[in-house]
Amino acid sequence: MAQPAVNNPEKTGLAYWMDQVLEQHSKLNGNWSPETVHDLRVALRRCILIADLMRGLDPAADWKPMRKAGRRLFRQLGMLRDTQVLAEWAQKLASADEASTAALLEKLKVKYGQDRVAAQGAAREFDRKQWRTWARELTSRFRHVASDKPACEALTLEIWEAVLDSHRRAQKNRSAVAYHRTRVELKKFRYAVENFLPSMYSGWAPDLKFLQDLLGEIHDLDVLSQMTKKDRNFFDEAARDSWTTKLQSERASRLQQYRVKMAGKASPLWTWREGLPGGGELRSVGLARLTEWAYFVTPSFPRVGRIARFALQLHDGFANCGLIGGDSNIEERFILHAAALLQEVGFFRKKRAHHKESYRMIRRLTPPVGWTKTDLELVALVARFHRRALPSLDQKVLKAYQLPLRQSLLLLVAFLRMANAFGGKTYRAVRRVQVENCAGVIVVRAAGLTETDPLTPKLSDAKRFLEFASHRPVHVLPPGAQIVAPRLVQSATQIDAA
């Protein structure tokens, strides 16, 4: 499906919004108009949302302090902006010469003065120099993720699921808190699409803004209603009842518009969902999200990516030769791919025994879309044994699984260990590996390997473990090299006899 063009593609992304924060912040000097406050909050809100999403992928960068600095100013401006909005509502709904209106506006005026003093203090404390430093350091990291569309789709889909969940809760209990939570999640979804999937945004923006505005107005009316109910010194019973009736009428009108818009199969919720991956694509976009995390926490990710390609080539070669059964209850290729990419994430925490730390870190992850906790447990197990001690069927961490699954995991570990052997410095000339099944003998041909290259102890150990896991003899040879016929017949006979 062709995607609509983006109207202003340059007005998205972290660099743009961080620059906007500085520009709008500079306008606050002597100008505290509703428009200026609103524009600064809009820019800050985008930066905070991006930081929220990025810090889960990139824990090494300063996303948390940037978010904290932005939220401090955002909250103070929010209190000021809320007071401005409530005053606008009070004037809009007031009846002529109504004493209660004057009392309400006077109360809001006092509150506005207090909020402005607090906001001015937060604006003075805002460190523009540090903000510029963060902008330089973080922008390239954001762009790396933003250029990975599947990973962006995974992030956005997670937020969509939160929107759906909060919407259903609000429709069920219909509380003010539930509708406010839906508004918050809808904002996150809107800004995520805007900055991570800008090609989708222009088509979805009208509905997103309309629904966000409706829920925002419902929230404003709820806050104003609470204020009129609490302040008995300002309103007599008749005035309070009058305001309650007005506010409930306005709220009911907007709530009805929201429910009509979100009802049935024509709901924008399902339009948005159709534009995001589904079915068999979920595995791939979930893997892309895991890959982005591994990219930021793995010191030598390009080398790990090369090893992952070798591991997949070994797996695909075995599958093409009919050496991997099709009755497995796990998606072995995805498990192997993820384990290969995540095997060295433990380096982020410790250098020694990093494979054990990788195991712990992977198990603690929240499963991305299309993946389960069990999937990550299996990924962690395969990554755990990519080096050092060999796994066995009787090992405690493996005995929790049924025997066929344990055998499949051993074979995946064997692929990964051999891929790591090929990915070492000794075999840096190796470009790809291919697998052949020659009368029951597995031949692994490594393009770039020469007949004079000896098998290192690491590759020899990996070869022997692959023989154990596959129950077949394995030869590692350069392309075109011939297997000695007597040895081939002898190996095949031994396998048949076994």
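The values are calculated or read from the model by the stated rules, or taken from the named source; none is laboratory data. Computed from a prediction, not measured in an experiment: that's the story for all the values here. For neighbour counting, all protein chains shown are included, and Cβ atoms are generated from backbone atoms with ideal geometry for every residue, glycine included. In case anyone asks, the SASA skips ligands and DNA or RNA and just uses the protein heavy atoms, side chains included. Shrake-Rupley method; radii C 1.70, N 1.55, O 1.52, S 1.80 Å.
Rounded to the nearest 5, what is the percent of antiparallel bridges among the DSSP beta bridges in the chain? Write out the running numbers ahead of the final one.
Details: 7 of 12 bridges.
Counting only bridges with both partners in the chain, antiparallel ones make up about 60 percent.
If R₀ is 22 angstrom, what is the calculated FRET efficiency for the pair Ala389 and Arg349, using the beta carbon separation as r and rounding to 0.05?
Numbers: r = 20 Å, r/R0 = 0.90.
Once rounded, the FRET efficiency stands at 0.65.
Once the whole set of protein chains is in place, how much accessible area is left on Arg464, using a 1.4 Å probe, in Å² to the nearest 10?
Arg464 exposes around 130 Å² with every protein chain in place.
Short version: ³J(HN,Hα) in whole Hz for each residue of region 60-70, in order, from phi by Karplus 6.51 cos²θ - 1.76 cosθ + 1.60 (θ = phi - 60°), x for Gly and Pro, what are they?
With the stated coefficients, region 60-70 comes to 7, 8, 8, 5, 5, x, 4, 4, 4, 5, x Hz.
Sticking to Cα atoms, compute the Rg of region 31-109 to one decimal and its Dmax as the biggest Cα-Cα distance, whole number, in Å.
When restricted to the Cα atoms of region 31-109, Rg and Dmax are 17.7, 60 Å.
Among Thr298, Ser408, Gln256, pick out the residue whose Cα is farthest towards the positive end of the charge dipole of the chain, where Lys and Arg carry +1 and Asp and Glu carry -1 on C-beta, about the Cα centre.
So the residue furthest toward the plus end is Thr298.
In degrees between 0 and 90, to the nearest 10, how far off the longest principal axis of the chain does helix 457-470 point, with axes built from Cα atoms?
Computed tilt is about 90 degrees.
How big is Rg to Rh over region 87-205, alpha-carbon atoms, Rh as the Kirkwood inverse-mean-distance radius? Mind showing how you got there, number by number?
Values: Rg = 20.9 Å, Rh = 18.5 Å.
Radius of gyration over Kirkwood radius for region 87-205 works out to 1.13.
Against the longest alpha carbon principal axis of the chain, how many degrees, from 0 to 90 and to the nearest 10, is the axis of helix 149-173 turned?
Between helix and principal axis, roughly 50 degrees.
For Ser249, Ser33, give the ranking by accessible area with the largest first, probe 1.4 Å. Show your work: numbers first, answer last.
On the way: Ser249 70, Ser33 30 Å².
The ranking, largest first, comes out as Ser249, Ser33.
So how do 20-29, 334-343 stack up, highest first, on mean other-Cβ count within 10 Å?
Details: 20-29: 16.3, 334-343: 26.0.
My ranking of the peptides, most packed first, is 334-343, 20-29.
For region 330-374, which whole percent of the accessible surface, found with a 1.4 angstrom probe, sits on carbon and sulfur atoms?
Numbers: 1090 of 2130 Å².
Carbon and sulfur together cover 51 percent of it.
For a Förster distance of 30 Å, can you work out the FRET efficiency between the beta-carbons of Arg128 and Val184, rounded to the nearest 0.05? Spell out each step's value before the answer.
Working: r = 28 Å, r/R0 = 0.93.
So, using R0 = 30 Å, E works out to roughly 0.60.
With a 1.4 Å probe and all protein chains kept in place, how do Glu377, Glu106 rank by accessible area, largest first?
Numbers: Glu377 40, Glu106 95 Å².
These residues rank, largest area first, as Glu106, Glu377.
Relative to the compact globular guide of 2.2 N^0.38 Å, what is the alpha carbon radius of gyration of region 395-437, as a ratio? Each step should come with its number before you reach the end.
Details: Rg = 14.1 Å, N = 43, 2.2 N^0.38 = 9.2 Å.
Normalised Cα radius of gyration, region 395-437: 1.53.
Quick one: of Lys399/Lys463; Lys188/Lys350; Lys64/Lys109; Lys350/Lys373; Lys172/Lys261, which pairs are farther than 27 Å apart, Cα to Cα? Let's see the in-between values first.
Working: Lys399/Lys463 24 Å; Lys188/Lys350 34 Å; Lys64/Lys109 35 Å; Lys350/Lys373 24 Å; Lys172/Lys261 16 Å.
From the list (Lys399/Lys463; Lys188/Lys350; Lys64/Lys109; Lys350/Lys373; Lys172/Lys261), the Cα-Cα distance tops 27 Å for Lys188/Lys350; Lys64/Lys109.
If you build the Cα gyration tensor of region 24-177 and take the root of 5 times each eigenvalue, what three semi-axes come out, in whole angstrom, biggest first?
Values: eigenvalues 242, 116, 25 Å².
Over the Cα atoms of region 24-177, the ellipsoid semi-axes are 35, 24, 11 Å.
Whole number please: convex hull volume per residue of the Cα set in region 363-452, in Å³? Working shown, then result.
Details: hull volume 14.8 nm³, N = 90.
Dividing the Cα hull volume of region 363-452 by its residue count gives 164 Å³.
Accessible area per residue for the chain in Å², computed with a 1.4 Å probe and the full protein assembly in place, what is it?
Values: 24160 Å² over 498 residues.
Ligands and nucleic acids excluded, the figure is 49 Å² per residue.
Arranged from highest to lowest average of other beta-carbon atoms within 10 Å per residue, in what order do the peptides 289-302, 196-209 appear?
On the way: 289-302: 19.5, 196-209: 17.8.
Those peptides, ordered most packed to least, come out 289-302, 196-209.
Please give the length that would be gained between Gln434 and Thr139 if that part of the chain were fully extended, namely 0.36 nm times their separation in residues minus their C-alpha to C-alpha distance (nm, one decimal).
Details: separation 295, 0.36 × 295 = 106.20 nm, distance 4.01 nm.
Full extension of this stretch gives 102.2 nm more.
With a Förster radius of 25 Å, plug the Cβ-Cβ distance of Thr452 and Arg303 into 1/(1 + (r/R0)^6) and report the FRET value to the nearest 0.05. Let's see the in-between values first.
Numbers: r = 24 Å, r/R0 = 0.98.
Working from the Cβ atoms, E equals 0.55.
How long are the three semi-axes of the equivalent ellipsoid for the chain, computed from the Cα gyration tensor as the root of 5 times each eigenvalue, in whole Å, largest first? Can you show the working numbers first?
Numbers: eigenvalues 724, 114, 67 Å².
Equivalent ellipsoid of the chain: 60, 24, 18 Å, largest first.
Could you size up the charge dipole of region 292-413 around its Cα centre, putting +1 on the beta carbon of Lys and Arg and -1 on that of Asp and Glu, and report it in debye to the nearest 20? Can you show the working numbers first?
Working: 19 positive and 10 negative charges, 166 e Å.
Dipole magnitude for region 292-413 comes out near 800 debye.
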